[in-house]
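Inspection log for the structure reproduced underneath, given as structure tokens.
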Amino acid sequence: MMSNSANLECAINAIDQANQQDPNREEIGGESLPREYAYSLHMTRWLFELEPEPSERMQIACRAQHIERWTMPRSDYGEGRKNYYQWRQACGRMHGRRAAEIMAACGYPKAECERVETILTKRKLREDEDTQLLEDVACMVFLERYFAQFFEDNPDYDKEKWLRIVRRTWGKMTPRGHSAALKLAEGMPAHLLALLQEALAAPAE
């Protein structure tokens, strides 16, 4: 169960209200929801799968992982990997700033607001347990909810590119994330399961 802290309830509600403004939609169980709101629900669900008693800061960070992302479209940053990473970094800074603003308005101390902002920028990935947990959660959401559609949407990608994508995703995760991903993979479509198995059988140097 999610904590009943008044501050936490205030922050989660504010994040949800922001993400419910997303004009894009996602279908969940036959219901059409604002896309980033749906994404935030996936993040919360997987957080509790990986960490049954998460801290308030992690509940907020996961809920705010993509807060208002539609306001910063990928198309604003041009093509190519360099521009893609610049966009991702800009999104992370924006998400962190918005989460910190909401937390401050809900009564969290400055240090805790700054902590969540740091987690969401992922500047300390691999060095910080909270940041790494956020990454594990995000990778699980991608694999469960978006990997299959991403595969269908990019028929021009050759096999080697897909193997690199899978290996990069795997490389971001901890053993805890790997265990959850392998269990999830059992229910994947055959072509995606085969891709995962091949990527992990001979990982990139």
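Taken together, the values in this text are just the output of simple stated rules run on the coordinates, not laboratory data. Keep in mind that this is a model prediction, so the values were computed, not measured. Note: ideal-geometry Cβ built from the backbone for every residue, glycine included; neighbour counts use all protein chains shown.
Points to keep in mind about this one:
- Peptide packing: for 95-102, 122-129, the average count of neighbouring Cβ atoms within 10 Å per residue gives the ranking 95-102, 122-129, highest mean first.
- Greater than 27 Å apart at Cα, pairs in LYS159/LYS183; LYS82/LYS172; LYS124/LYS159: LYS124/LYS159
- Whole-number percent relative contact order across the stretch 87-182, with pairs defined as alpha carbons under 8 Å at least 6 apart: 24
- Contact order normalised by residue count of the stretch 1-143, Cα under 8 Å, 6+ apart, percent: 24
- R0 of 22 Å, Cβ-Cβ distance ARG97-GLN20: FRET efficiency to nearest 0.05: 0.65
- Expected 222 nm ellipticity per residue - DSSP helices of 4 or more, -39500 (n - 2.57), all of the chain, to 500: -20500 deg cm²/dmol
- Computed magnitude of the charge dipole of the stretch 142-205 (debye, nearest 20; Cβ of K, R +1, Cβ of D, E -1): 340
- Net charge, GLN149 excluded, C-beta distance under 13 Å - Lys, Arg +1, Asp, Glu -1: -3
- Simple Cβ-charge dipole of the stretch 1-92, Lys/Arg +1 and Asp/Glu -1, about Cα centre, in debye nearest 20: 440
- Signed unit charges on C-beta, dipole axis of the stretch 1-121, positive-most listed residue LEU50, THR121, LEU33: THR121
- Each Lys and Arg Cβ is given +1 and each Asp and Glu Cβ -1; about its Cα centre, the chain then shows a dipole of about 620 debye.
- Note on CYS10/LEU200: beta-carbon distance plugged into 1/(1 + (r/R0)^6) with R0 of 35 Å gives a FRET efficiency of 0.25.
- Net lengthening on full extension, ILE28/THR174 (0.36 nm per residue, minus Cα-Cα): 49.8 nm
- Judged by the ratio a/c of the largest to the smallest principal axis of the C-alpha gyration tensor, the stretch 1-121 counts as oblate, that ratio being 1.5 or greater while a/b is no larger than b/c.
- q = 0.08, 0.10, 0.12, 0.13 Å⁻¹, the chain: log10 I(q)/I(0) [Debye, one scatterer per Cα]: -0.28, -0.44, -0.64, -0.76
- Taking the chain, the Cys residues with no second Cys beta-carbon under 4.7 angstrom are CYS62, CYS91, CYS113, CYS139.
- The phi-based Karplus calculation (6.51 cos²θ - 1.76 cosθ + 1.60; θ = phi - 60°) puts the 3J(HN,Hα) values of the stretch 154-159 at 10, x, 7, 6, 7, 4 Hz, whole numbers, x for Gly and Pro.
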